[in-house]
Every structure is written in structure tokens, then in C-alpha cells.
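Since the structure comes first, as C-alpha cells, the remarks are kept for the end.
The values are calculated or read from the model by the stated rules, or taken from the named source; none is laboratory data. On a predicted model such as this, the values are computed, not experimentally measured, just so you know. Cβ placement follows ideal geometry from the backbone for every residue including glycine, while neighbour counts extend to all protein chains displayed. These accessible areas exclude ligands, DNA and RNA; they are computed on the full protein's heavy atoms, side chains included. Shrake-Rupley method; radii C 1.70, N 1.55, O 1.52, S 1.80 Å.
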Amino acid sequence: DRQTLVAVLQFLRRSNLRESEEILRREARLLGDDLGAAALSPASAGLLGGSGSDADSSEALLGRGTSAAAVAIGGNVATPLLLAGAFAVGGAVVVEDQPDVSAVLSAYSQQGDPTLYEEYYSGLKHFIECSLDCHRAELSQLFYPLFVHMYLELVYNQHESEAKSFFERFHGDQECYYQDDLRVLSSLTKKEHMKGNETMLDFRTSKFVLRISRDSYQLLKRHLQEKQNNQIWNIVQEHLYIDIFDGMPRSKQQIDAMVGSLAGEAKREANKAKVFFGLLKEPEFDVPLDDEDEEGENEEGKPKKKKPKKDNVGSKSKKQDPNAPPQNRIPLPELKDSDKLDKVMNMKEAARRVRLGPECLPSICFYTFLNAYQGLTAVDITDDSSMIVGGFADSTVRVWSVTPKKLRSVKTAADLSLIDKESDDVLERIMDEKTASELKILYGHSGPVYGTSFSPDRNYLLSCSEDGTVRLWSLQTFTCLVGYKGHNYPVWDTQFSPYGYYFVSGGHDRVARLWATDHYQPLRIFAGHLADVTCTRFHPNSNYIATGSADRTIRLWDVLNGNCVRIFTGHKGPIHSLAFSPNGRFLATGATDGRVLLWDIGHGLMVGELKGHTDTIYALRFSRDGEILASGSMDNTVRLWDAVKAFEDLETDDFTTATGHINLPENSQDLLLGTYMTKSTPVVHLHFTRRNLLLAAGAYSSQ
């Protein structure tokens with residue numbers, strides 16, 4: 001739109017942003033003379049606030065007008081201009097600075113009579129409470145966002161006493177899961193408090209999403225228009241996004257299951273994109289015989305035969321999964337010989353794996369960290385269950401060997417040069433026996449270590465910390481190889497890709513980053529959460545990453561292009577654990593609300609809710625074949641759930657997907673297979689060994 005462009009160029013010139021103006025003009029093929037000659041039409045003059053209107057609102061308009069323009073132009077214009085509207089574009093522009101607060105707030109300047117706000121709100125409340133039951137549940141979703149925006153509008157326009165009485169009169173009516181948000185809100189009592197306040201900005205820049213049936217929406221619209229209640233109608237138009245669907249209104253349980261996040265529910269559009277949730281094909285190679293069998297055969301002098309591989313549960317089918325991404329969709333590292341050996345070991349172990357089920361529950365081996373006065377903040381266990389690592393609040397990372405084999409470092413360079421490189425046991429000879437011990441302590445971080453992750457090949461270890469860095473350690477030398485700096489604030493979690501090489505980190509800056517071990521800079525930045533990214537997980541095919549956040553949502557990101565392909569809402573507190581099912585189809589999430597929610601990734605739907613824990617769930621893990629889901633919590637218990645039963649006969653017809661009419665079973669108790677108490681040890685990590693023994697870990701707390 002030429003007028004908008006001219007207006008933007010004028011604005012850039014006025015703000016002395018010559019360089020950006022040049023770039024924009026080149027991109028838009030507008031020459032200098034055009035610009036001078038193009039008389040400002042009244043529309044663009046208005047857009048620029050040319051008639052001496054207050055600069056705030058003109059900037060707000062501009063922010064809104066240009067965010068789209070700038071994106072279309074390839075996003076080269078990284079000026080304050082973009083900041084005002086960057087978030088309006090659904091996170092297409094990754095700008096990490098905060099949106100311009102004054103622009104965001106100025107939307108509150110059109111106001112009604114402050115003394116009537118209570119009347120407006122109670123009028124609407126009365127209308128909703130008297131409407132038919134089928135509409136009441138849906139329309140009740142309006143209470144919270146309207147309450148917040150009306151309160152903020154009163155505060156912004158400096159009607160402090162009215163705001164206070166409005167808050168006191170109605171805050172008790174809000175749903176219990178908004179208590180924390182309301183506590184923050186109650187501390188915003190003056191216009192000055194609203195500048196630079198994060199909660200405030202989240203609420204303002206992301207429209208609160210409500211999903212309402214067409215009938216209920218028509219009812220609301222008619223009521224507001226009859227009453228001429230423009231104030232509420234303006235807020236609905238300006239600050240809420242109403243996702244209207246055709247069909248039956250949803251029941252109170254259906255709505256309660258899905259709401260509770262910082263920005264309401266996800267728009268239905270957000271979960272429409274195709275996701276390749278299938279697994280990649282395993283490379284094919286023969287499995288040599290077990291040693292016992294070999295000896296038996298060789299005595300008779302027969303040549304060794306390659307035994308056909310038993311079609312056991314662990315072996316992947318040779319057919320390409322129809323839902324799998326193309327093999328080369330993202331570049332994955334080549335398999336080294338050592339990886340192949342490890343895969344062979346894995347298959348041998350898998351042949352001896354215990355088939356779990358309701359009749360056959362796993363044994364649980366609990367590693368308790370005693371006297372952990374340093375404060376245990378993170379745990380990880382290698383895939384082959386040979387090492388365990390703890391991250392501590394005293395900024396150390398400690399690695400233990402869990403097997404009788406001690407941890408050894410590689411010899412010094414001088415000693416290595418003396419070794420015969422051709423000998424068969426060269427890998428054994430390079431290790432220095434003098435360094436053998438069952439514990440190694442890694443020093444380097446300058447703050448508590450919140451996340452740890454072993455690489456699949458067990459050569460490397462990642463740790464992330466409050467100091468804002470992610471460190472990569474060598475498990476050959478037990479030294480730090482790289483410090484990755486990108487987050488400016490604490491990094492809460494990090495995890496290696498199941499194929500190694502790539503890893504993900506998420507932190508207080510609300511952003512998750514994808515890294516490769518050989519790059520100093522992140523390869524992808526996933527921006528969109530409205531609060532800290534508290535946990536991160538790779539999908540088993542490594543093409544996707546799930547992030548859980550303190551904004552009470554879970555997002556699934558595409559590694560290839562950085563897009564957000566799923567948004568799951570339903571938890572009532574910050575998310576602290578994520579686990580993908582081994583077949584890649586489902587995701588389990590745990591949060592401070594003590595609920596485990598189950599999601600169907602392909603359809604973008606919640607398919608189950610497991611209630612039982614009474615405190616934050618810090619650990620979730622599926623058994624190796626996905627029959628059992630184990631959850632570990634701050635309530636000092638490990639619980640086992642029947643995953644097969646939870647995921648069978650799912651109703652994933654098109655109607656459910658289109659409207660989010662989910663029917664969760666009333667009672668999750670029949671899925672609970674067992675609850676195992678510790679004496680006084682919160683569970684921070686769970687891990688199934690290759691033979692399906694469950695390992696759990698936590699630090700004893702002597703309360």
C-alpha cells in the first residue's frame with residue numbers, strides 16, 4: 001500500500017533513520033523524488049499524527065501499520081519501528097527487545113466514564129449468569145480478560161480509587177487458576193507501574209483468545225449492542241480474539257480442561273499445520289551373534305553364520321513410516337563405527353527387554369543423593385545407564401559412574417605419542433589409569449546448574465546455568481570444551497538431540513534456541529512464549545522441539561524453519577516436564593498443578609488427563625516400548641500409568657479437532673497402575689534402562 005509506505009518513509013526521515021529509509025526505499029523501488037513529490041494524503045497525515053495529535057497514539061498506529069509492511073519487505077528494517085508491532089505478527093519477526101510500552105499502552109486512552117465501569121461489568125455479569133446453561137459456561141470465559149483490561153484502563157487513566165474499588169469488588173469472582181496473575185495485577189496501582197512491566201506487556205501485546213460457539217457469540221453481541229455498552233464492546237474488539245466455531249457450545253468441563261494459560265486458549269488455526277510425527281528409518285546392519293552362541297558353534301569348527309535377526313519388539317520395522325519426515329529433511333550426523341557398535345549392543349539388550357504392562361510392572365531403582373547440601377538442581381542418566389550426572393546450586397557439575405567401570409581421562413599428549421596406534425586395544429591404552437575414580441567434578445559455571453544432558457554417544461555432556469551460558473564438556477578429558485553464550489538470563493533447561501550434534505536450550509528470556517555443537521551462534525531462535533521457557537525436549541525424529549513455559553502453554557517448533565506448529569493449553573501452572581512417546585505420536589506434559597496431560601501431536605488435541613500427584617511434576621518418562629508412563633513429583637512419589645489404555649480408542653474425528661469438544665474420562669484412577677512413596681525425596685529425574693528397569697533420582701530433604 002503506497003500511502004502507508006510513504007508515511008513510513010516520512011517517519012524514518014523525521015526520526016533520522018537514514019539507513020533504514022534507504023533500505024526500505026530500495027526494497028520498495030521508491031526513488032527520492034517520488035517521496036518528496038508524494039503529497040501527504042489526509043490518511044497518511046493522520047497515520048503520522050501530522051495534525052499534532054498525541055505522539056503516543058500515532059506511534060501506536062504506526063506500530064500496527066508497519067509491522068506488516070516491514071515483514072513483507074523481508075524484515076530488513078530492524079529499527080524501533082518494528083518493535084512496536086513485532087509481536088502482532090504472530091512471532092514472524094524475532095525481535096527480542098520488548099515492544100514499545102508507550103505504544104502498547106496508548107490503546108487504553110479511549111475511555112468511558114470511570115464511575116460506570118463497575119456498573120458495566122456487573123451488568124454483563126448479571127446477563128451472563130442469567131443466560132441459558134449451555135451459553136453460560138462459554139460466556140463466563142469473558143470475565144477474566146474483561147476484568148483485567150477494565151482494571152488496567154482505569155489505572156492507565158489515573159482513576160486510582162475507582163480502579164481499587166473495581167478490583168476489590170470483582171477479583172473474587174475469577175477462576176482459582178488465575179490467582180497468581182491477579183496477585184501481580186493488584187500491585188499495579190499507578191500509571192507509572194505499567195511502564196516496562198512484563199505481565200502488563202504480555203497481556204497487552206497478545207490478544208487473549210476465547211473459543212466460543214457462534215450462538216453464544218451472537219447472544220453476547222446482541223446484548224452489548226442493545227445496552228449500547230460500547231466500553232465493553234471496545235475491549236472485546238481491541239484486546240480479545242474470539243475464535244468462533246459452528247456447533248454445540250462446550251460444557252464447563254470441556255472449557256475448564258483447555259483454559260488457564262496466560263493468553264487464553266490457542267487459536268484453532270495454530271494447531272492445523274502438518275506435523276511429521278513418525279520415526280526415521282533405522283539404518284540397516286546385521287547383528288552379530290551373542291558371545292555365548294559363538295563359542296558353542298566354533299568348537300564344532302563350523303563357520304560363523306549370521307543369525308537372522310529375531311523380529312523382537314525393539315527392532316524398528318523396515319518400512320518407511322507414512323507420517324515420518326523425509327530422511328534428509330534436516331541434516332543429521334553420519335553414524336560412526338562406535339555408534340553402530342552401540343546400536344548392536346542396544347539391540348542385544350532389547351532382545352532381553354521386559355515386556356511391561358498392567359500385569360508386569362517395572363522394578364524401580366532409586367538413586368538418592370544424600371547430604372546434597374550444595375542443592376541438587378538437575379539430573380541426567382546416559383542412555384545405556386552407565387553414568388549419572390548431577391547439576392548443583394553451588395555451580396558444580398558432578399558425574400558418577402553407576403557401573404563398576406571407573407571414569408578415566410585420556411592421557412596427556414606426550415604420553416599419547418608413545419602409543420602404538422595400530423594395536424587392537426588402542427582405545428583402552430589411551431586411557432590413563434591413574435585418573436580412575438567413580439566421581440568427577442566439573443568446575444566452570446558461576447551460578448546454579450539447572451539442566452544437564454548427556455550426548456547419545458556418551459562423549460559429551462551439556463550443562464546450563466543461571467549464569468546465562470550453556471557449557472559443553474568432554475567426557476574423555478572431563479574438561480569444558482565450549483561455553484555457548486546467547487541467553488542473557490538464566491538458562492533453565494538444555495537437551496541433546498537423539499542423534500547428537502544438535503541441542504536445544506530455553507531460559508528466562510522467553511526464548512528457546514537451537515544450537516549445533518560446532519557453532520558459536522544459535523542456528524534457530526524460537527520466540528513466542530510469553531514467559532520463561534522452563535523445559536525443552538526433542539521429538540524422537542529430531543525434526544521438532546517441544547518447549548514448556550511459565551506462561552502455562554506447551555509449544556511444538558519445527559527445527560527446519562523455526563515455525564511454531566502446535567500450541568497446547570490446559571495446564572494451570574508453569575510446565576516443568578515433557579516426554580514424547582517412543583512412537584513419536586503423543587506428548588505427555590507435567591506442571592506445578594500436579595496434572596499430567598496427554599496430547600495427540602498429529603491432531604493437535606488433548607486426549608487425556610492423569611490426576612493423582614499433589615505437587616509439581618518434575619519428571620516424566622515412557623518405558624522403552626511405550627506401554628507405561630512414569631511420573632515423578634515433588635510430592636515424593638513415583639506413579640506408573642497405563643499408557644496403552646490411555647491412548648486406545650481415541651475419538652479423533654474431524655468434529656472434535658475442529659471445535660475442541662474433548663471428552664476426557666471423568667476418572668484417571670483406572671489408568672493408575674501403582675504409586676511408590678520415597679521417605680522424603682522429591683523425584684527430579686526418571687529413566688528406563690534398555691531392559692525396562694526404571695531408575696529414579698532425587699536428593700533427600702530432611703524436612
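The table for this structure:
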read-out	value
Test for Ser385: is it outside any loop (DSSP other than H, G, I, E, B) and of a type in the set (S, T, N, Q)	no
Residue that is most open to solvent (accessible area, probe 1.4 Å) [pool: residues in the stretch 509-568 that are in a loop (DSSP other than H, G, I, E, B) and hydroxyl-bearing (Ser, Thr, Tyr)]	Tyr520
Some residue of the stretch 552-568 being of a type in the set (Ser, Thr, Tyr) and under 15 Å from Trp599 (Cα atoms)	yes
So Trp492, is it in a strand (DSSP E or B), among the hydrophobic types (A, V, I, L, M, F, W, C) and farther than 16 Å from Met387 by Cβ	yes
Test: residue in the stretch 138-147 that is in the same structural domain as Gln254 (by the TED database), modelled with pLDDT under 85 and among the aromatic types (Phe, Trp, Tyr)	no
Among residues of the stretch 240-251, those that are more than 16 Å from Lys221 (Cβ to Cβ) and either surrounded by 15 or more Cβ atoms within 10 Å (Cβ to Cβ) or not aliphatic (A, V, I, L, M) (or both), counted	3
Meets criteria (touching a helix residue (DSSP H, G or I) at 6+ places or on another chain (Cβ under 6 Å), in contact (Cβ under 8 Å) with a residue 24 or more places away in the chain and open to solvent by 30 Å² or more (accessible area, probe 1.4 Å)) for Lys572	yes
Within the stretch 596-619, tally of residues that are closer than 24 Å to Ala699 by Cβ, in a strand (DSSP E or B) and open to solvent by 10 Å² or more (accessible area, probe 1.4 Å)	1
Residue match in the stretch 470-484 (condition: within 13 Å of the chain's Cα centre (by Cα) and either surrounded by fewer than 20 Cβ atoms within 10 Å (Cβ to Cβ) or not aliphatic (A, V, I, L, M) (or both))	no
Some residue of the stretch 245-259 being among the aliphatic types (A, V, I, L, M), closer than 20 Å to His159 by Cα, part of a helix (DSSP H, G or I) and modelled with pLDDT under 85	no
